[in-house]
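Report on the following structure.
The values are calculated or read from the model by the stated rules, or taken from the named source; none is laboratory data. Quantities reported herein were computed from a predicted structural model and do not represent experimental measurements. All Cβ positions, even for glycine, are placed from backbone atoms using ideal geometry, and neighbour counts span all protein chains on display.
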Amino acid sequence: MQAVILCGGEGTRIREESVLRPKPLLEVGGYPLLWHIMKLYAHHGITDFVLCLGYKGDMIRDYFLEYDHRHRDIVVELGADGAQFLSRHGEQGWKITLVDTGRSAQTGARLRRIRHHLDGDDFCLTYGDGLADVDITELVRFHRSHERIGTTTAVRHEERFGEMAIDFNQVIAFSEKPENPDKSINGGFFVFQKRFVDEYLSDDETCILERDPLERLACDGELMAFEHKGFWECVDTFHEWQKLEQLWSAEAPWRVW
């Protein structure tokens, strides 16, 4: 099982920070949002990642290229080739495929453009700016049990739009402006069969995953919802970012590892 993470957006609603670095590199507790997300998947045994890069993608690429040097004790002998690593870190063995999916591509196009890096029959997908304590093991088990093409995670969040109409765990329809703020919304932790990429997505830069592809998938009766009642928070604003920083100092409910 692989985890694909969408990391290419410009983060326009938190421009005061995203002008300096891509949103997935915003730090909480001294580590990027992206690291926290990957730690969640690794806790559930998924350590094969495909990162869809775009805006300031080189900064994400450089972060992982320098990771061992940042997080391991080393000996450097001047004049000699290379360095000797003396210690290990908790992320040993992670496989990270970094793919440039274009500066201006939308989410659906980004996913379509990494299809040749997908190895198995199904894969996980999420965004590089949302933290949660979703039980990924149960999410995958639920996805495989119903044998539909896609599974999304349904969460409740009164400050968010994008309501999903759900009937016996099947997503029936989406609504941009829900009448009832207590209804479930798309929490962004997905599992898809690989054929979703070829049958529902386009390489066109304007292909938005959350619009026509997911709406058609729901209309076809092929999208199910996994209910998550625990912690979930997406970083769109400076206030939301600071909220996570405060939680890290107190309880960090997403830290299950």
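Tabulated results
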item	result
Failed item, numbered, when Thr206 is tested on (1) buried (at least 17 other Cβ atoms within 10 Å of the Cβ); (2) at pLDDT 95 or above	(1)
Condition broken by Glu17, with the remaining ones in (1) closer than 24 Å to Phe123 by Cα; (2) surrounded by fewer than 20 Cβ atoms within 10 Å (Cβ to Cβ); (3) charged (D, E, K, R) satisfied	(1)
Residue in region 151-159 that is polar (S, T, N, Q) and surrounded by fewer than 22 Cβ atoms within 10 Å (Cβ to Cβ) present	no
Top-ranked residue in region 49-85 [being in contact with an Asp or Glu (Cβ under 8 Å, 6 or more places away or on another chain) and in contact (Cβ under 8 Å) with a residue 24 or more places away in the chain; ranked as farthest from Val99 (Cα to Cα)]	Tyr67
Single residue of Arg141, Arg115 found to be among the charged types (D, E, K, R), in contact with a helix residue (DSSP H, G or I) (Cβ under 6 Å, 6 or more places away or on another chain) and over 18 Å from Ser184 (Cα atoms)	Arg115
Residue that is farthest from the chain's Cα centre (by Cα) [pool: residues in region 235-251 that are of a type in the set (A, V, I, L, M) and surrounded by 18 or more Cβ atoms within 10 Å (Cβ to Cβ)]	Leu247
